[in-house]
Amino acid sequence: MPDCDRFRLRSFLDELMAADELLRITEPVDLIEVGAYLEGNPRAVLLERVGPEEAGLVGNVMGSRPRLAMALGVEPRQVMHEVARRAAAPIRPVRVRSHEAPVHDVVLRDDEIDLTRLPIHVQHAGDGAPFISAALDFSAKQTPGAFNVGCRRLMLRGPRETGVDLNSPSDLRAQLEAARADGRRLPVAFAIGSHPCDYVAATLFSGAEDELALLGGLRGAALPVVAAVSQDGLVVPADAELVLEGYIDGGEMRREGPYGEFLGYLGATKLNPVFHVTAVTHRRDALFQTATISGRDLARTDTAQLVALATEVNIWNVLRGAVRKPVAVYAPPASGGMYNVRIALRQQYPGEARNAIAAAFGSKADVKNVFVVDDDIDVMSDSQMEWALATRFQAARDSVIGTGFRAVPIDPSLAGQRTGDKAGFDLTRPFGESAIARWQVAMAPPTTTNGRGNASGVVDALQDGPLTYLELMTACGSRDGRDIARDLISASAAGAVILREDGRYARG
């Protein structure tokens, strides 16, 4: 029998607590206060007594790269490559019986169901209603035994109804449109309260046939699943905190919203389908989870961190077919995780920076601005990227501008347009010129190479050819440098030493 606690959300919170990555609030908290506790918080937040029910709620679990790294068991800089590796190695799920599934500890049906008793809170000042923000959807594909997984927002509409935010293109939206065309309802289940690996898998740009196996790959272990209690043909994670089962009627659309969107702005109202809940199942001590989405400090939201990681993996995969030696990809979460992308590469041929820009333009990630640098630049360092932009870029020569690209409709800069622009910034040094003097980075002198030579002075040291000042120090065994300066002054006055245009000293 699989271990249904190994990848439980509460188990991961224990790890966060041990690493001082979790803020625990034990006093009572009103639902209206939840957003203020979460917004911009550098740590995950566990509120143990929320609302009159004194329910447990946790948020910001995935709101930093170090916390995602903890979930994967790697260092933060290894996260993108680790996710790409695991996504390429799916593991099929394993089925468990209902009595073995903690998510079936409690089963509610019909009039027992009341979503208004869950700690669903208003996350942003302009939201149209409280909404569930951390729901993973599970639906059956047409291929027998294959399932789709995604991540949705569900706006509260009543005790047994929610809206489903399906405006953006997605597999679930495509399934719903197919069901609508056939006059069918679409059975779907939403898991609330899951391990970060599950959210990473659900938000990847994946072409996996069975995305339950993708979740297993990201975990590095088979996902335990159990048959839904009210919807034939559906399975759900046996180790989730809580599951909503039901169906979406494709012919029923209602206006809802607005929502705070992942770009930091308040969106417009939308026509969305309605999810009808037929069963609620949960652990006996279920913990409700919320995902942070919007605001000024996007880098500390769950959504931006997940979107950034999905963007990086997608760009990395397309780069491998576009350039010889990609080195690193980073999508700053402060831009929402998608719009700005930084790429480092080791150019093998002229024009590879432009190839990288073109590849990123055409990716599924819908990036807007692409910055390409040489491999001496750390793409995760804002200061190094600013330096590269300031010193290696000429706008007329190094810009790539494209128009008419697919765009995300909620981008306010579109001003109503259906397509958008993209910009590429080639911040690389001219191909083949990295060794030229003007591109040599001025670094601190090494402390371990000086003081080993035995030349009697600078003239003696220069007998085998020109040397830099540091090389003169080494040749003369100096760890001070002022003695070399004094020697050069007298040798230069005598015409025995000259300074060449390349900055090296030579015999006169």
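Quick notes on this one:
- Some residue of the range 163-179 being in a strand (DSSP E or B), within 16 Å of ALA228 (Cα to Cα), open to solvent by less than 50 Å² (accessible area, probe 1.4 Å) and at pLDDT 90 or above: no
- Restricting the range 485-508 to residues that are in contact with a Gly (Cβ under 9 Å, 6 or more places away or on another chain) and of a type in the set (Val, Ile, Thr) leaves a set whose member that is farthest from ILE436 (Cα to Cα) is VAL497.
- Verdict on ALA135 being open to solvent by less than 50 Å² (accessible area, probe 1.4 Å) and among the small types (Gly, Ala, Ser): yes
- So THR278, is it open to solvent by 10 Å² or more (accessible area, probe 1.4 Å), more than 30 Å from PRO332 (Cα to Cα) and either among the acidic types (Asp, Glu) or touching a strand residue (DSSP E or B) at 6+ places or on another chain (Cβ under 8 Å) (or both): yes
- Within the range 370-414, the set of residues being over 15 Å from LEU427 (Cβ atoms), among the aliphatic types (A, V, I, L, M) and in a helix (DSSP H, G or I) comprises just one member, LEU414.
- Residue count, the range 333-351 (criterion: touching a helix residue (DSSP H, G or I) at 6+ places or on another chain (Cβ under 7 Å) and closer than 19 Å to VAL408 by Cβ): 6
- Within the range 16-40, considering residues that are surrounded by fewer than 17 Cβ atoms within 10 Å (Cβ to Cβ) and touching a Lys or Arg at 6+ places or on another chain (Cβ under 9 Å), the one nearest to GLY336 (Cα to Cα): GLY40
- Residue within the range 342-360 that is farther than 21 Å from PRO430 by Cα, open to solvent by 10 Å² or more (accessible area, probe 1.4 Å) and not hydroxyl-bearing (Ser, Thr, Tyr) present: no
- Of all residues in the range 206-222, none satisfies being under 26 Å from the mean Cα position of the chain (by Cα) and in a strand (DSSP E or B).
- Every pair of residues 6+ apart whose Cβ atoms lie under 8 Å, when the first sits in the range 451-473 and is closer than 13 Å to GLY503 by Cα while the second is of a type in the set (Phe, Trp, Tyr) and surrounded by fewer than 18 Cβ atoms within 10 Å (Cβ to Cβ): none
- Pairs, first within 14 Å of THR292 (Cβ to Cβ) in the range 18-47, second of a type in the set (Phe, Trp, Tyr), C-beta under 9 Å, six or more apart: LEU23/TYR37; VAL45/TYR37; LEU47/TYR37
- Matching entry among GLU112, GLU100 (being surrounded by 14 or more Cβ atoms within 10 Å (Cβ to Cβ) and modelled with pLDDT of 95 or more): GLU100
- Listed here are the helices (runs of 4 or more DSSP H) enclosed by the range 438-508 that have at least 3 residues being small (Gly, Ala, Ser) and open to solvent by 90 Å² or more (accessible area, probe 1.4 Å), and there are none.
- Being buried (at least 19 other Cβ atoms within 10 Å of the Cβ), of a type outside the set (S, T, N, Q) and modelled with pLDDT of 95 or more is a property that ASP198 has.
- Test result for ALA442, over 30 Å from ASP483 (Cβ atoms) and either in contact with a Ser or Thr (Cβ under 8 Å, 6 or more places away or on another chain) or modelled with pLDDT of 85 or more (or both): no
- Selected residue (criterion: surrounded by the fewest Cβ atoms within 10 Å (Cβ to Cβ)) from residues of the range 295-319 that are part of a helix (DSSP H, G or I) and polar (S, T, N, Q): ASN317
- So ALA353, is it under 18 Å from VAL79 (Cα atoms), touching an Asp or Glu at 6+ places or on another chain (Cβ under 7 Å) and at pLDDT 95 or above: no
The values are calculated or read from the model by the stated rules, or taken from the named source; none is laboratory data. Here the structure is a predicted model, which is why all the values come from computation and not from measurement. Positions of Cβ are backbone-derived with ideal geometry, glycine not excepted, and every protein chain shown enters the neighbour counts. SASA here: full protein model, heavy atoms, side chains in, ligands and nucleic acids out. Shrake-Rupley method; radii C 1.70, N 1.55, O 1.52, S 1.80 Å.
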